[in-house]
Amino acid sequence: MDLVYCVHLDTPAEDVAMLDELLATLDLIGASWQNVDTGEAWLRVFADDEAAARDILARVQAALPGWGELLSTLPVPTVRAIQREDWAECWKEFFHAFRASRRLVVKPSWETFAPAGKEDILLELDPGMSFGTGYHGTTRACLEFIDDLAAERGPVPFLEAGCGSGILSLAAVRLGLTPVAAFDHDPQAVQCARENLARAGVDQVAPVTAELADYAPPAPFAVVAANILAIVLDAQAETVARLVAPGGHLILSGILTGQYPAIKTRYEALGFRELRTRTIDEWTSGLYRRP
């Protein structure tokens, strides 16, 4: 029997953003789903095997009490074994085509979509266990900003800092930005991004494993999307700034709305000018320009 193991957390929808933040502090990537009709939601962290899932379970259990004041209800995490084919069917229930920006439409491979106009660009995904669908508020804001910048600036160099599944790199390529580079500190995320880009027929992007502080490209980029935790954006602000070319644009995302003012102040002190913001759910993302 082909099983997939995960740590599962049932939670009210209002707590999903905070639990995402908790998992990120543990260097874990959660996949979340919400039922807009009932307000119910759940998160899952997938593991290589049952032993790895139980290790993740122990880490989440140890961290949860410290977040009690920030959550409406403390979830009870459990380890679940899911048949791989059932997982695939689960995706078909929760993942449907949606418009992510003016031109970008994200769709699963099993659905058809009739473009509204000749400018529509389809990002066809087969998400499997790890590929982000682009529906999370931080990712959607990034996709909107990237779409606008591609139309404004044309084929300029783009960097996805903290690439995760690689969906922003895929969007950048489809929108004509070039060259496109990507990195992440997590080797598993980098491998996932490589596989997902290859599956989409994109061979001009080669994500690499690197810590933010150590990533040293040959030249800064005209557009940088940093969809990273606020705590990292704060601590590594000077490093992030060096990745952006003079006159370039910086997208800051992965920031809870309550954290955003401090991040804005931090980057304005480095000379960046906020152009606009986008708030989706509990997350606020900002578009900045370097002098």
Checklist line | Mean shadow area of the stretch 167-210 over all directions, Cα convex hull, nm² | finding: 2.6 nm²
Next item on the list: Quick one: angle between helix 187-199 and the longest Cα principal axis of the chain, in degrees between 0 and 90, rounded to 10, please.
Entry: 80 degrees
Next item on the list: Give the relative contact order (percent, whole number) for the chain; include only Cα pairs under 8 Å separated by 6+ residues.
Entry: 13 percent
Checklist line | the stretch 217-287 versus the stretch 150-185: alpha-carbon centroid distance in Å | finding: 16 Å
Checklist line | Peptides ranked, highest mean first, by Cβ atoms within 10 Å: ranges 168-174, 280-286, 12-18 | finding: 168-174, 280-286, 12-18
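Coordinate-derived values only; no laboratory data. Remember, predicted model here, so these are calculated numbers, not experimental data. Heads up, the Cβs are rebuilt from the backbone with ideal geometry, glycines too, and the neighbour counts pull from every protein chain shown.
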